[in-house]
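Quick notes on the structure that follows.
The values are calculated or read from the model by the stated rules, or taken from the named source; none is laboratory data. Note that this is a predicted model, so its numbers are computed, not measured. All Cβ positions, even for glycine, are placed from backbone atoms using ideal geometry, and neighbour counts span all protein chains on display.
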Amino acid sequence: MAGKVPLGNPVPVSDLATEILDPVLRKRAGISVGLVQSWEEIVGPRLALKTRPEKIQWPRRMHEDDPFEPATLIVACEGMAALHLQHETGEVIGRVNSFLGFNAIGRLRIVQKPVANNTAAPRPRPRQLTDVERKKLSGTVGVIEDEGLRASLERLGATIIGTRQRKS
């Protein structure tokens with residue numbers, strides 16, 4: 001690795017980690033860090049929250065002359081995501097193959113198990129508005145004739161104002 005990086009030039013830690021982890025993941029799971037990191041782009045945010053690529057299982061070849069057979073991508077899923085993933089199997093296989101650059105995957109195998117993901121911290125609850133803030137907001141949205149729209153805008157305004165720091 002020292003031969004690849006000239007001394008004195010800063011290198012992102014993620015690049016170093018990828019150089020270290022990629023060969024290990026390829027050997028143990030037949031999968032690359034790039035596939036894991038790009039999973040959300042491949043399957044979309046809805047499925048990425050509840051799924052994770054686990055392993056690429058290549059069929060055994062008895063002889064070097066045996067024809068190429070596509071691999072099976074094993075994907076861990078939680079709950080109802082398995083049904084959604086099963087429904088979109090063909091599209092996911094196509095997207096993974098596009099990402100890899102060749103028809104590497106022929107099948108998808110779904111394994112139901114918990115998927116640890118880096119979920120964002122829960123959003124803080126908005127604070128109660130002061131009387132002055134509430135009156136100003138009511139005055140701002142009070143000119144809107146449609147009741148539903150006015151109520152929605154008032155809730156939105158209360159949320160926005162309530163998440164801001166109170167001026168001392």
Q. Does the stretch 3-25 contain any residue that is of a type in the set (Gly, Ala, Ser), loosely packed, with under 10 Cβ neighbours inside 10 Å and at pLDDT 55 or above?
A. yes
**Q.** When residues of the stretch 95-126 are limited to those that are surrounded by 14 or more Cβ atoms within 10 Å (Cβ to Cβ) and assigned to a helix (DSSP H, G or I), the one modelled with the lowest pLDDT
**A.** LEU100
(Q) Looking at the stretch 154-161, can you tell me whether even one residue there is in contact with a Lys or Arg (Cβ under 9 Å, 6 or more places away or on another chain), more than 30 Å from THR51 (Cβ to Cβ), in contact (Cβ under 8 Å) with a residue 24 or more places away in the chain and not in a strand (DSSP E or B)? (A) yes
Q) With respect to GLY101, is the statement that it is assigned by TED's automatic domain parsing to the domain that holds GLU41 and either over 17 Å from the mean Cα position of the chain (by Cα) or among the aromatic types (Phe, Trp, Tyr) (or both) true? A) yes
